[in-house]
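Contents: one structure, followed by commentary.
We did not get these values from a lab; they are worked out from the coordinates using the rules stated. For clarity, every value in this text was computed on a predicted model and none was experimentally measured. Glycine also receives a Cβ, built like all others from the backbone with ideal geometry; neighbour counts cover every protein chain displayed.
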């Protein structure tokens, strides 16, 4: 155990209070200290994760986390290929989802626009230890971020199939700003065939989302979105007072999906907290591995100056 690992463990005693009841002795603890802004399952052992470096910063945007038998951890940074000349690197990637009916293809989204620049969704595939860009699309621009206001901040992204060639894309506005006091779920349709995305007026208007637990003024109602096998929509709300914390996360079921409705998101107006996690800022969620018995979700944290960890949550 190195000094930084020891410091991390000692800094967060609450972690063991939360997870010790059912967790096996071979606990997953990330050895890579970048925070995790989003994650999507690749296969039965691996996840594709994103990190939120800004366009002017050097650093890994995409990486593969591998959990062999749900225990042994490895981290493989990926390069970035096929970025057009003159186009800025992905900036502030906050979410990612796998594209149904494809082989190792994903959508990864930036948080939004800054003075009407960036605000992109990247359609990528994994090739030769690279995140290979297949298409760059635009996020919807509802409220710009600039020196005068905090605008759109999309921190959740989830995908589910509509048919063989189209998917429903959910975007989670985090909330917690003057413009957006609460979170919002918005939706659009992505065509796999021609790699284009459309946003209906109803989808852009979206639906307001509020955490079931009252957090401080530095709260965010949606820091990630996840759709389980039963079409339940899960969100995580976070409290973030600054790069040194304190942090808190609340994972709750937002509602359900019905792709046959004109409004496919059915909101649960009285959500309950399923997990409350003190001391950590969860920004990444995905389905857990079958090899981790009785677990339901895998979570990744973005704890700013403290880095990030990956852990399972149990039913």
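Write down Rg/Rh for region 116-159, rounded to two decimals, with Rg from the C-alpha atoms and Rh from the Kirkwood relation over Cα pairs. Here the Rg-to-Rh quotient is 1.09. Only helices enter this figure: runs of n ≥ 4 DSSP H residues, each worth -39500 (n - 2.57), summed and divided by the residues of the chain, yield -1500 deg cm²/dmol at 222 nm to the nearest 500. Counting each pair of different Cα atoms once, what's the Kirkwood radius of region 85-218 in Å, rounded to one decimal? It works out to 15.6 Å. Summary of the geometry: region 88-122 and region 286-315, compared by the centres of their Cα atoms, lie 22 Å apart. A simple spin-label model places pseudo-atoms 7 Å from Cα toward Cβ; at residue 293 and residue 127 they are separated by 4.2 nm.
Put in line by how crowded their Cβ is, counting other Cβ atoms within 10 Å and starting with the fewest, 269, 51 read 269, 51. The convex hull built on the alpha-carbon positions of the chain has an orientation-averaged projected area of 15.7 nm².
Using only Cα coordinates, the Kirkwood hydrodynamic radius of region 205-315 works out to 14.6 Å.
Size descriptors for region 233-278 (Cα atoms only): Rg and Dmax, in that order, 13.9, 44 Å.
The relative contact order of region 240-315, computed from alpha carbon pairs under 8 Å that lie at least 6 residues apart in sequence, is 27 percent. Report note on the peptides 170-182, 115-127: ranked by the mean count of other C-beta atoms within 10 Å, highest first, their order is 170-182, 115-127.
In terms of surrounding Cβ atoms within a 10 Å radius of their Cβ, 196, 288, 235 rank from fewest to most as 196, 288, 235. For the chain, modelled as a GNM whose springs connect Cα atoms under 10 angstrom apart, the maximal fluctuation among 93, 48, 297 occurs at 297. Were the residues from residue 266 through residue 218 laid out at 0.36 nm apart, the gain over their Cα-Cα distance would be 14.6 nm. Largest mean-square fluctuation among 142, 233, 277, in a Gaussian network model of the chain whose springs join Cα atoms under 10 Å apart, belongs to 142.
As a proxy for reagent exposure, ranking 306, 47, 193 by other Cβ atoms within 10 Å from fewest up yields 193, 306, 47.
For region 150-216, the Kirkwood hydrodynamic radius from C-alpha pairs, put into Stokes-Einstein at 20 °C and a viscosity of 1.002 mPa s, yields a diffusion coefficient of 166 µm² per second.
Given a Förster radius of 25 Å and the C-beta distance between residue 198 and residue 43 as r, what FRET efficiency does 1/(1 + (r/R0)^6) yield to the nearest 0.05?
0.25
A full extension of the chain between residue 115 and residue 69 corresponds to an added length of 12.0 nm, given 0.36 nm per residue minus the alpha carbon distance.
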